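Q: The following block contains the structure, expressed as structure tokens.
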Amino acid sequence: MALKLFENLSELFPDNLKPSELSQFKTVFYKELSLACHQYYQGKMMTIPKAGFYGLEWFNVWYTPGISKISTTIRDDEMASFSLTSRGSQVAVISDSTRVLGDGDVTPAGGLGVMEGKAYLIKLLGGLDATPLCINSRNRSGQPDPERIIQFVEMVQHSFAAINLEDISQPNCYRVLDQLRERCTIPVWHDDAQGTGSVVLAGLMNALKLVNKSLSDVRIVFIGAGAANTSTARLIISAGGDPHRMVLFDSKGGLSRQRQDIAERPEFYRKWQLCEQTNPDAITSIDQAVKEADVLISISRPGPDRIDPTWIQQMAHKPIVFALANPVPEIYPYAAKEAGAFIVATGRGDFDNQVNNSLGFPAILKGAVMARASRITDTMAVAAARSLAGFAEKRGLTPSTILPIMTEKGFMSQEAADVAMQAVKDGVARDVRTRDEYLRQAHEDMMESRNLHQHLMDAGIIKTPPESLIRQAIQNALEQI
């Protein structure tokens with residue numbers, strides 16, 4: 001009975017709530033249930049051996065004296081470490097926890113739940129093992145120091161096939177990523193930036209197909225100019241968007257060449273590049289920018305009142321609105337549609353059109369690791385976006401289904417293969433194969449991971465929490481709305 005309840009949580013939601021109350025209820029409910037389930041499991045990840053144990057003498061094979069042969073082989077050829085140890089399928093999820101979701105700086109340990117969640121999705125969806133590592137990046141004056149993160153990653157890179165950076169505050173995130181892409185011999189990826197950008201681009205591609213508009217012609221307004229939205233804008237430009245038809249807003253107004261406050265701070269070089277590329281008319285107000293705009297992409301502070309419905313009313317025919325703040329979007333979908341939005345996307349899975357990094361990073365990391373890529377290029381991120389969009393288009397597009405959902409079969413392995421092939425085209429692959437070979441490995445590894453997880457559940461090793469946890473979470477949520 002409890003298992004059925006866990007598979008169909010929404011069936012237990014109250015049916016007498018108004019749309020605004022239901023949205024608020026779900027936000028609180030998922031938080032309450034998350035807390036209860038994390039307490040029940042005491043985390044989400046564990047480590048188990050993958051090599052067989054057949055008797056006492058096998059300790060001599062897996063450890064000393066046999067292991068000496070592995071050490072000396074890798075000493076003479078470091079690339080052998082990818083096939084002789086778990087390094088070849090191991091990703092590090094590294095964060096200083098200074099910009100975690102909508103909660104900001106939560107202390108290094110405070111980010112562990114999110115990094116474990118990332119590791120969970122990398123394993124379950126991407127077929128890769130992942131290790132969460134939350135570090136203290138603060139210097140003696142108490143300020144986050146990007147150089148400390150850079151040095152840490154440089155030191156641990158030899159244990160991993162790829163590095164997933166996560167939840168590092170702006171502007172440190174730019175320097176950390178750019179420096180590590182040059183200094184490391186394995187791919188270093190900032191999911192909050194490139195990952196968000198690739199999935200937003202995929203959703204935008206398909207949304208534009210439904211409204212019969214071209215990426216190169218549409219006017220796009222971005223609310224928020226942090227790592228996620230600046231990287232999204234950069235990838236959209238890379239895919240064919242016209243920067244002269246884009247305006248980005250941060251907390252001080254529109255980005256343009258007139259923003260000397262940004263020009264005078266070299267650490268914000270990524271934002272300044274967009275100041276030089278976009279908004280040639282130096283528009284300073286959102287009210288002015290949204291007039292006849294085709295697309296509104298907001299990745300800013302959690303809402304639900306950050307996007308004014310009147311902005312949507314001023315947009316062009318069949319406006320597209322991406323309200324991607326988590327855990328609460330800048331405007332709820334029902335309100336955006338009431339204001340005239342034709343397509344609405346959020347970052348949440350309990351609404352239509354979830355634009356979630358989870359559609360991208362497990363497969364992108366898998367593709368990069370399969371190809372033994374030295375880095376993840378922007379064109380690899382764009383290839384992931386095109387793969388996602390193409391899969392959803394073949395399945396069939398509607399205003400409420402512009403992207404695959406995480407439980408759909410097949411798109412992850414195809415996306416991983418397309419990313420690996422782009423790594424080959426970009427000249428960063430060190431294990432060059434055909435697309436069919438990449439596709440076969442991705443499918444087999446992803447299915448093995450999911451089957452192992454299901455086996456552990458079926459065997460009762462991963463236990464199903466009691467249904468009382470759900471009932472109590474519902475009660476707690478109702479008391480808070």
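Q: Being under 15 Å from the mean Cα position of the chain (by Cα) and at pLDDT 95 or above is true for just one of Ile122, Ile135. Which residue is that? Step through it out loud before you land on a result.
A: Details: Ile135 fails: under 15 Å from the mean Cα position of the chain (by Cα).
Matching residue, one of Ile122, Ile135: Ile122.
Q: Quick check: is even one residue across the range 283-296 closer than 22 Å to Tyr174 by Cα and among the polar types (S, T, N, Q)? First the steps, then the outcome.
A: Pass one, the range 283-296, residues closer than 22 Å to Tyr174 by Cα: none.
The answer is no, given that none of the residues of the range 283-296 is closer than 22 Å to Tyr174 by Cα and among the polar types (S, T, N, Q).
Q: For the range 197-219, give me each residue that is out of contact with any Ser or Thr (no Cβ under 8 Å at 6 or more places or on another chain), within 16 Å of Ser231 (Cβ to Cβ) and either without any contact (Cβ under 8 Å) to a residue 40 or more places away in the chain or of a type in the set (Val, Ile, Thr) (or both).
A: The answer is Val199, and nothing else.
Q: Here is a list: Thr85, Thr107. Which entry is over 30 Å from Gln170 (Cβ atoms) and either in contact with a strand residue (DSSP E or B) (Cβ under 9 Å, 6 or more places away or on another chain) or among the hydroxyl-bearing types (Ser, Thr, Tyr) (or both)? Full working, then the answer.
A: Values: Thr107 fails: over 30 Å from Gln170 (Cβ atoms).
Testing whether each residue is over 30 Å from Gln170 (Cβ atoms) and either in contact with a strand residue (DSSP E or B) (Cβ under 9 Å, 6 or more places away or on another chain) or among the hydroxyl-bearing types (Ser, Thr, Tyr) (or both) leaves just Thr85.
Q: Tell me, please, whether a residue that is outside the structural domain of Pro280 (by TED's automatic domain parsing) and not in a helix (DSSP H, G or I) can be found in the range 171-180.
A: Applying the first criterion (outside the structural domain of Pro280 (by TED's automatic domain parsing)) to the range 171-180 yields 171-180.
So of that shortlist, the ones also not in a helix (DSSP H, G or I) come out as 171.
The answer is yes, given that some residue of the range 171-180 is outside the structural domain of Pro280 (by TED's automatic domain parsing) and not in a helix (DSSP H, G or I).
Q: What helices (runs of 4 or more DSSP H) lie completely within the range 376-481 and have 3 or more residues being out of contact with any helix residue (DSSP H, G or I) (no Cβ under 6 Å at 6 or more places or on another chain) and aliphatic (A, V, I, L, M)?
A: Numbers: elements: 378-395, 411-425, 435-458, 468-480.
Once the helices (runs of 4 or more DSSP H) in the range 376-481 are filtered for at least 3 residues that are out of contact with any helix residue (DSSP H, G or I) (no Cβ under 6 Å at 6 or more places or on another chain) and aliphatic (A, V, I, L, M), what remains is 435-458.
Q: Among what's in the range 447-468 and is touching a residue at least 40 places away in the same chain (Cβ under 8 Å) and over 28 Å from Asp129 (Cβ atoms), pick the residue that is surrounded by the most Cβ atoms within 10 Å (Cβ to Cβ).
A: The extreme case among them is Glu467.
Q: Please state which one of Ser231, Ser214, Ser251 is under 14 Å from the mean Cα position of the chain (by Cα) and among the small types (Gly, Ala, Ser).
A: Only one candidate passes the filter, namely Ser231.
Q: Take the conditions modelled with pLDDT under 95 and surrounded by fewer than 22 Cβ atoms within 10 Å (Cβ to Cβ) and apply them to Arg348. Does it pass? Let's see the steps before the verdict.
A: On the way: modelled with pLDDT under 95: yes; surrounded by fewer than 22 Cβ atoms within 10 Å (Cβ to Cβ): no.
No: the conditions fail for Arg348.
The values are calculated or read from the model by the stated rules, or taken from the named source; none is laboratory data. The structure displayed is predicted, hence computed values, not measured ones. Positions of Cβ are generated from backbone atoms using ideal geometry, with glycine treated the same way; all protein chains shown enter the neighbour counts.
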